[in-house]
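Reviewing the structure listed below.
The values are calculated or read from the model by the stated rules, or taken from the named source; none is laboratory data. Note that the structure is a prediction, hence the values are computed from the model and not measured. Backbone-built Cβ (ideal geometry, glycine too); neighbour counts: all protein chains shown. Side chains included, ligands, DNA and RNA excluded: accessible areas come from the protein's heavy atoms. Shrake-Rupley method; radii C 1.70, N 1.55, O 1.52, S 1.80 Å.
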Amino acid sequence: MKINECMTRDVRIVDPDETVQDAARVMADIDAGILPVGENDRLVGIVTDRDIAIRAVALGRRPSARIRDVMSGTVAYCFEDDDSEDVLDTMANFQIRRMPVLDRNKRLVGIVSITDLAHNGEASRAGRALGDITRPSGLHSQSL
């Protein structure tokens, strides 16, 4: 299966100069825990609810802090024509549950989650990937 067959196309993008409060409000409005960060028509990062909790709230930053100060600037992504097996392998290797989806011009066209893949015929492979994603490691440690 190709990623464009199961990804979510309706994606909200935030600007890195918007506030963490703005990002949290958007997350609440659309019931999501991740937002792509875009600037000048390019993906420049990802901000998650965890980023806001650890890099903003836990450090005593104000709600007016900029997204660019708490976002993850390194983004693992896939292409819309990638095979689902390859994307699941990437998710497992990087221990991530969601990935931005780009077209071959590197424009954001969606987001794919491990749940999207599991619900679209890849349940067994998604389960194995989830096992790898949840294994203990320091890969995404945000310890203070």
Margin query: Amide H of V109 versus every other amide H placed in the peptide plane: which residues, excluding those fewer than 5 positions away on the same chain, fall under 5 Å?
Written below: V101, L102, D103
Next item on the list: Return the carbon/sulfur percentage of the accessible area of segment 1-82, one whole number, probe 1.4 Å, all protein chains in place.
Entry: 44
Note to self: Can you tell me the length gained on complete extension of the stretch L59 to R9, counting 0.36 nm per residue apart and subtracting the Cα distance?
What the structure shows: 14.7 nm
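For R50 and N93, what is the calculated FRET efficiency with R₀ set at 22 Å and r taken between the beta-carbons, to the nearest 0.05?
On the way: r = 19 Å, r/R0 = 0.88.
Result of the calculation: an efficiency of 0.70.
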Notebook entry, point to check: To the nearest 10 square angstrom, how much accessible area does R42 have with a 1.4 angstrom probe?
Noted result: 100
Item checked: Calculated from backbone phi, Karplus (6.51, -1.76, 1.60) coupling profile of segment 80-86 in Hz, x at Gly/Pro -> 4, 9, 5, 6, 4, 4, 5
